[in-house]
Amino acid sequence: MPTRLATIGVPSLSGTLVPTVLSQSNLPGLELLHRGKVRDVHAFGADELLIVASDRLSAFDVVLPDPIPGKGEMLTQISNFWFGKTAHLMPNHLTGKDVASALPAGTDIPTYARRCVIAKRLKPVPVEAIARGYLIGSGWKDYQASGRLCGIELPTGLRQAEQLREPIFTPSTKAALGDHDENVGFDHVVATIGAELAERIRDATLAIYRYAAAHAAGRGILIADTKFEFGTDADGRLYVMDEMLTPDSSRFWPADEYRVGISPPSYDKQFVRDYLETLDWNKTAPGPRLPQGIIDGTAAKYAEALQRLADIVLE
């Protein structure tokens with residue numbers, strides 16, 4: 001039976017519950033260290049962070065003006081699920097501390113409780129660690145142009161969305177807010193962070209991807225690709241952090257609708273990207289407004305991914 005979590009909401013005029021919406025955090029007394037594309041990071045003591053997943057949505061590295069109600073809650077729940085499932089492969093940044101007791105006095109706890117975590121304060125590794133099992137997105141574009149992806153020579157004749165013989169590590173730069181990540185070769189990662197750390201991150205990325213892809217396949221979902229972020233503590237120990245295998249950081253495809261040669265339908269924000277591709281927009285800020293149907297459809301896809309992958313229902 002699915003785990004059912006009551007949706008944190010506020011009454012509408014009709015008396016029914018509607019999801020809470022949080023575009024950005026407001027936690028007086030907790031220093032705001034960073035406001036990213038989706039997450040707001042606050043200091044929590046000297047060695048920990050309070051991380052808030054907002055309902056902001058970014059596409060093509062641009063934060064869009066319309067939030068997706070309840071998105072931050074769903075992202076946090078699915079990340080926490082995966083952090084727990086993969087802890088035997090790589091330690092993660094979660095402390096397990098209770099969020100509600102850590103929020104400042106006067107905070108509307110229901111708005112924050114399921115979209116926050118208390119995490120170890122780590123030194124981020126300046127690399128986007130990406131695993132790809134299928135040829136799609138920027139990887140497909142790079143392959144079409146050169147037959148290669150992040151310096152890896154791929155077989156000729158591959159088609160869009162085709163499964164690769166083995167998952168591959170295809171890192172990218174970690175762009176500043178508003179800039180675009182760029183695919184880079186493994187040599188670039190080695191030059192940036194050193195060979196030993198680069199190899200550890202590559203191996204962990206592929207191990208987690210393979211494990212998660214096998215779990216998801218049993219639930220009727222193909223994980224086409226996913227992105228991880230890593231950090232180190234003062235002793236040099238490596239942790240996976242930020243988010244894990246969410247609809248924001250991954251492409252999830254329903255296995256029964258997968259077809260080679262097309263961009264398959266998805267449970268992730270590819271739904272929004274596909275809509276944006278129909279617009280006359282140059283993929284730079286400011287982003288366009290989203291129609292209500294796209295907002296509602298995106299929220300529904302996140303909720304379905306959460307239920308199918310983690311047996312968690314927000315209601």
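The values are calculated or read from the model by the stated rules, or taken from the named source; none is laboratory data. All of these numbers come straight from a predicted model, not from anything done at the bench. Ideal geometry is used to build each Cβ from the backbone, glycine not excepted, and the neighbour counts take in all protein chains shown. With ligands, DNA and RNA removed, areas are computed over all heavy atoms of the protein, side chains included. Shrake-Rupley method; radii C 1.70, N 1.55, O 1.52, S 1.80 Å.
Please verify whether I208 is of a type outside the set (S, T, N, Q) and in contact with a Leu (Cβ under 7 Å, 6 or more places away or on another chain), treating the condition exactly as stated. Reasoning before the result, please.
Numbers: of a type outside the set (S, T, N, Q): yes; in contact with a Leu (Cβ under 7 Å, 6 or more places away or on another chain): yes.
For I208, the condition - of a type outside the set (S, T, N, Q) and in contact with a Leu (Cβ under 7 Å, 6 or more places away or on another chain) - is met.
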Legend entry - Condition met for L306 (surrounded by 21 or more Cβ atoms within 10 Å (Cβ to Cβ) and either assigned to a helix (DSSP H, G or I) or touching a residue at least 60 places away in the same chain (Cβ under 8 Å) (or both)): yes
Inset, instruction - Scan segment 1-59 for residues that are at pLDDT 95 or above, within 22 Å of K174 (Cα to Cα) and among the hydroxyl-bearing types (S, T, Y) and report the count. - result: 1
Inset, instruction - Consider E153 carefully, then state whether it is of a type in the set (D, E) and closer than 15 Å to Y209 by Cβ. - result: no
Inset, instruction - Mind counting the residues in segment 259-278 that are modelled with pLDDT under 90 and more than 20 Å from T246 (Cα to Cα)? - result: 0
Inset, instruction - Name every residue in segment 68-106 that is over 25 Å from S23 (Cα atoms) and charged (D, E, K, R), in order of residue number. - result: K85
Legend entry - Top-ranked residue of segment 139-193 - restricted to ones that are within 22 Å of the chain's Cα centre (by Cα) and β-branched (V, I, T), ranked as modelled with the lowest pLDDT: T173
Inset, instruction - Could you look through segment 215-258, keep only residues that are closer than 27 Å to L64 by Cβ and of a type in the set (S, T, N, Q), and pick out the one that is modelled with the highest pLDDT? - result: T226
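Would you mind listing the strands (runs of 3 or more DSSP E) fully within segment 22-110 where at least 1 residues are open to solvent by 30 Å² or more (accessible area, probe 1.4 Å), without any contact (Cβ under 8 Å) to a residue 60 or more places away in the chain and at positive phi?
Numbers: elements: 32-35, 39-44, 48-53.
Strands (runs of 3 or more DSSP E) meeting the threshold: none at all.
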Legend entry - Close pairs (6 angstrom Cβ cut-off, 6 or more residues apart or separate chains): touching a residue at least 12 places away in the same chain (Cβ under 8 Å) and open to solvent by less than 50 Å² (accessible area, probe 1.4 Å) in segment 140-152, in a helix (DSSP H, G or I) and not polar (S, T, N, Q) anywhere: L149/G139; L149/D142; L149/Y143
